[in-house]
């Protein structure tokens, strides 16, 4: 199983046409190549239908984009945590701004994920929700102001106070939870700024998935992370 080391760059494929089917594997291989070259952990979160083929093709961390709080049985159309794990994912995103969940549902999802051994990256939108989420003991929290998602305007630059406030509140609840940040992350300088603020990495999507040259985009991000690591 691929291991998580920080800083982490986690690429969410969403449902972008640029990264489905064979292209999902191609992007994962580009991420794996850059990860090996730079020593920075890069994970990917492909479509559910591509998890198995991606996990079989690469040795980097593979995440699902969501799971449902169900057990094996009669749940047509739902995402079973055991199936995600069997397909090769080591973890899952939860509560992304495009797939919001109630707090009680998040609690049940985290419980089920832990039962099957999946890492949970809990997405949150504001510092206060981040603190509430930390009380549920996910493995990571990813703070993403929804108004900046996909804009190319990085949260680490446009709203650094959201990150610092989230870090402060999460640490009061559970200081052991790593915090990532996302929304508008597209360049290496965005990653460097995020790490400098105290995060353990970034969650991004279009900045990589829609890039004309995946490897070039990933190298820019990973080299910035490596620069930060070497400068500590």
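Of the residues 83, 87, which is modelled with pLDDT of 95 or more, touching a helix residue (DSSP H, G or I) at 6+ places or on another chain (Cβ under 6 Å) and closer than 25 Å to residue 136 by Cβ?
Every option except 87 fails the conditions.
Mind counting the residues in region 96-111 that are in contact with a strand residue (DSSP E or B) (Cβ under 7 Å, 6 or more places away or on another chain), farther than 15 Å from residue 80 by Cβ and in a helix (DSSP H, G or I)? Qualifying residue count for the region: 2. For region 29-74, filtering for residues that are assigned to a loop (DSSP other than H, G, I, E, B) and within 15 Å of residue 89 (Cβ to Cβ) leaves 10.
In this structure, does residue 93 turn out to be surrounded by 15 or more Cβ atoms within 10 Å (Cβ to Cβ), in contact with a helix residue (DSSP H, G or I) (Cβ under 6 Å, 6 or more places away or on another chain) and assigned to a strand (DSSP E or B)? It is false that residue 93 is surrounded by 15 or more Cβ atoms within 10 Å (Cβ to Cβ), in contact with a helix residue (DSSP H, G or I) (Cβ under 6 Å, 6 or more places away or on another chain) and assigned to a strand (DSSP E or B). Taken together, the criteria exclude residue 207 from residues that are buried (at least 24 other Cβ atoms within 10 Å of the Cβ), closer than 15 Å to residue 42 by Cβ, modelled with pLDDT under 95 and touching a strand residue (DSSP E or B) at 6+ places or on another chain (Cβ under 9 Å). When residues in region 171-198 are screened for being without any contact (Cβ under 8 Å) to a residue 60 or more places away in the chain, assigned to a loop (DSSP other than H, G, I, E, B) and either out of contact with any helix residue (DSSP H, G or I) (no Cβ under 7 Å at 6 or more places or on another chain) or over 22 Å from residue 215 (Cβ atoms) (or both), 6 of them pass. Does residue 216 qualify as being assigned to a helix (DSSP H, G or I), more than 15 Å from the chain's Cα centre (by Cα) and modelled with pLDDT of 95 or more? Yes: the conditions hold for residue 216.
The values are calculated or read from the model by the stated rules, or taken from the named source; none is laboratory data. All values reported here derive from a predicted model rather than from experimental measurement. Cβ coordinates were reconstructed from backbone atoms using ideal geometry, including for glycine residues, and neighbour counts include every protein chain displayed.
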